[in-house]
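Reading through the structure tokens given below for one structure.
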Amino acid sequence: MLLHRITTHIIIAVAAIWSISSVNDEDKTSSPGKPNIVFILADDHAYQAVSAYGYGFNQTPNIDRLGREGMRFDRCLVTNSLCGPSRASVLTGKYSHLNGFYNNTNSRFDGSQVTMPKLLHAAGYQTAIIGKWHLESDPTGFDSWDILPGQGQYYNPPMISNGQRVKRTGYVTDIITDLTLDWLKKQRDPSRPFLLMCHHKAPHRPWEPALKNLALFEGVTFPEPPTLFDDYSGRGKGEHEQNMMISKTMTKGDLKQVPPATLNAEQLKAWNAYYEPRNEEFRKLNLTGRDLVRWKYQRYMHDYLACIASIDESVGKVLDYLHETGLEANTIVVYSSDQGFFLGEHGWFDKRWIFEESLRAPLLIRWPGVTKPGSVSTDIVSNLDFAETFLDAAGQGIPAEMQGRSLVPVLKGQTPSDWRKGFYYHYYEHPGEHNVPRQYGVITDRYKLVYFYEPEYNYWELFDLKSDPHELKSVYNDPAYAAVQSDLHKELDQLRSELKVPAQDPPESLVNPRKNPSKK
């Protein structure tokens, strides 16, 4: 550990010396060679709930604008579909087994390691993070930070501003937005390029909307996914024994049958005025079986999508400010989520699995003058690539220890011929409240091979996304897929070797499950 920290400090010091020697004070401006970066990250925002992807649940015109004016990525995959591990990969460009953050239960981010914000800061960038952090240790590499402690709360959230705990009144998405705009207006140094990370809590469980949006989807009936009543036939023990079902796992808080404890008196009055009459109607119906599941699904979607409406409004405010001030011409704007999310597919909410809705995140990037407006990429990209992309865009070298690749060529419409065709995934948090087993696997454009490797599971699955897009039936050991299966095993072994994945999970990856699901 001591050697690691010494090496880290040497790397950062060398980067700083190089930056100082090659860039004088007059040159440290937002020149075309050093674009500003605004990185907006939501928590658990399903790609299905971004209207640019065409699923029809809701409208997100401001997020969509980034796709119209830049590039939409249709195959952005995450390394480990869980909040903290995903954020650690974003900062480091490394998988969990190298950055040391495996799970949300007992992992703590080692802030002494090399990170993208540290390297940009050493290269002359002004750096800030506002909103969700969820990595336990204090942020490092930032000139300023104003973060939610832990998971944070939707109403009247306490925050930690540069080490000082403060309490703010209002709705968390609006507060994060106001702080972001305040930083741009009052704290930004016009003589320096900047990295501004605006990271939202929403739409994480328990999906509590802004009070002004409680009735936003009143009267709307959302289409049910075809797998809402999946019986998990054709798959293994893990899928059958998970605990993340709309039918049985959601709490009264999730379903808004009890109000949040964090509301003040005025807010509680507005909350009760909306939900209580509707809850009374629900109680009178005395629903059971599939009718009850359908009611829960509609309530879930109503609240989840109302949370996203506030995020889209936030994105619009930030984009408008960049436009009004002329900053947009030299500012890369990125919108993504820390992972995907199930919106009733397989009867589930939450994430964690290698399956599509969990594995895949939305990603839209606007880079004026570089990325062709309205372009779409189907290349396999990842949150593992964000750090490398930001460094490359800023004209900085990419440390050899980082495991992703810069998206700059892709954003220029020039995907390298050796771009990845397969992607490695690894999930560690088990045991846990949702009882999703540990798993690792490889994903290609068509196939997915996954191994549930704990002794009490110990089984493989193979899915053909072309013939089975909902991933309902494993074809592992099907003779018709023998050649495919063999090739995927070889590719998986090769990826694990290249990525330096240990043969056995290290002790620090083991978890002790928490009792409060809101912590997840």
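Failed condition for Glu461, given (1) over 30 Å from Asn477 (Cβ atoms); (2) buried (at least 21 other Cβ atoms within 10 Å of the Cβ), with all others met?
(1)
Could you identify the single residue in Pro437, Pro431 that is of a type outside the set (Ser, Thr, Tyr), outside any strand (DSSP E or B), under 30 Å from Thr105 (Cα atoms) and touching a His at 6+ places or on another chain (Cβ under 6 Å)?
Values: Pro431 fails: touching a His at 6+ places or on another chain (Cβ under 6 Å).
Going through Pro437, Pro431 in turn, the sole match is Pro437.
Return the residues of the range 145-177 that are of a type in the set (Ser, Thr, Tyr) and either open to solvent by less than 20 Å² (accessible area, probe 1.4 Å) or under 18 Å from Arg205 (Cα atoms) (or both); say none if nothing qualifies.
Within the range 145-177, Tyr154, Tyr155, Tyr171, Thr173, Thr177 qualify.
This table checks each residue for (1) open to solvent by 40 Å² or more (accessible area, probe 1.4 Å); (2) touching a Lys or Arg at 6+ places or on another chain (Cβ under 6 Å); (3) among the β-branched types (Val, Ile, Thr).
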{"site": "Gly238", "(1), (2), (3)": "no, no, no"}
{"site": "Asn243", "(1), (2), (3)": "yes, no, no"}
{"site": "Lys252", "(1), (2), (3)": "yes, no, no"}
{"site": "Val315", "(1), (2), (3)": "no, no, yes"}
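Name the single residue that is most open to solvent (accessible area, probe 1.4 Å) among those in the range 404-426 being of a type in the set (Ser, Thr, Tyr) and in contact with a strand residue (DSSP E or B) (Cβ under 8 Å, 6 or more places away or on another chain).
Of everything passing the filter in the range 404-426, Thr415 is most open to solvent (accessible area, probe 1.4 Å).
Would you check which residues across the range 34-77 are over 17 Å from the mean Cα position of the chain (by Cα) and under 26 Å from Gly397 (Cβ atoms) and list them?
Lys34, Pro35, Asn36, Ile37, Gly70, Met71 - these are the residues of the range 34-77 that are over 17 Å from the mean Cα position of the chain (by Cα) and under 26 Å from Gly397 (Cβ atoms).
Can you pull out every residue in the range 178-196 that is among the hydroxyl-bearing types (Ser, Thr, Tyr) and open to solvent by 10 Å² or more (accessible area, probe 1.4 Å)?
Residue satisfying the conditions is Ser191 alone.
Can you pull out every residue in the range 264-287 that is open to solvent by 80 Å² or more (accessible area, probe 1.4 Å) and part of a helix (DSSP H, G or I)?
Once the filter is applied, which keeps residues that are open to solvent by 80 Å² or more (accessible area, probe 1.4 Å) and part of a helix (DSSP H, G or I), the range 264-287 yields Ala265, Glu266, Lys269, Glu281, Arg283, Lys284, Leu285.
Only residues that are out of contact with any Phe, Trp or Tyr (no Cβ under 8 Å at 6 or more places or on another chain), more than 22 Å from Gly441 (Cβ to Cβ) and in a helix (DSSP H, G or I): list them for the range 356-398, please.
Ala387, Glu388, Thr389, Leu391, Asp392
With the structure loaded, tell me whether Gln298 is more than 27 Å from Ile40 (Cβ to Cβ) and in contact (Cβ under 8 Å) with a residue 24 or more places away in the chain or whether it fails that test.
For Gln298, the condition - more than 27 Å from Ile40 (Cβ to Cβ) and in contact (Cβ under 8 Å) with a residue 24 or more places away in the chain - is met.
Quickly run through the range 455-472 and pick out the residues that are in contact with a Ser or Thr (Cβ under 8 Å, 6 or more places away or on another chain) and of a type in the set (D, E, K, R).
Glu461
For Gly219, which of the numbered conditions (1) small (Gly, Ala, Ser); (2) at positive phi; (3) outside any loop (DSSP other than H, G, I, E, B) fails to hold?
(3)
In the list Glu401, Glu429, which residue meets the criterion of being open to solvent by 40 Å² or more (accessible area, probe 1.4 Å) and either touching a helix residue (DSSP H, G or I) at 6+ places or on another chain (Cβ under 6 Å) or not hydroxyl-bearing (Ser, Thr, Tyr) (or both)?
Step by step, each of Glu401, Glu429 is checked, and only Glu401 is open to solvent by 40 Å² or more (accessible area, probe 1.4 Å) and either touching a helix residue (DSSP H, G or I) at 6+ places or on another chain (Cβ under 6 Å) or not hydroxyl-bearing (Ser, Thr, Tyr) (or both).
In the range 452-470, how many residues are of a type in the set (Phe, Trp, Tyr) and part of a strand (DSSP E or B)?
Matching residues across the range 452-470 total 4.
Take the residues in the range 374-388 that are out of contact with any strand residue (DSSP E or B) (no Cβ under 8 Å at 6 or more places or on another chain) and either open to solvent by 10 Å² or more (accessible area, probe 1.4 Å) or not small (Gly, Ala, Ser) (or both); name whichever of them is farthest from Pro117 (Cα to Cα).
Within the range 374-388, the match that is farthest from Pro117 (Cα to Cα) is Gly374.
The values are calculated or read from the model by the stated rules, or taken from the named source; none is laboratory data. What you are looking at is a predicted structure, and each value in this text was computed from that prediction instead of being measured. A quick note on method: Cβ atoms are made from the backbone with ideal geometry, for glycine too, and the neighbour counts reach across all protein chains shown. These accessible areas exclude ligands, DNA and RNA; they are computed on the full protein's heavy atoms, side chains included. Shrake-Rupley method; radii C 1.70, N 1.55, O 1.52, S 1.80 Å.
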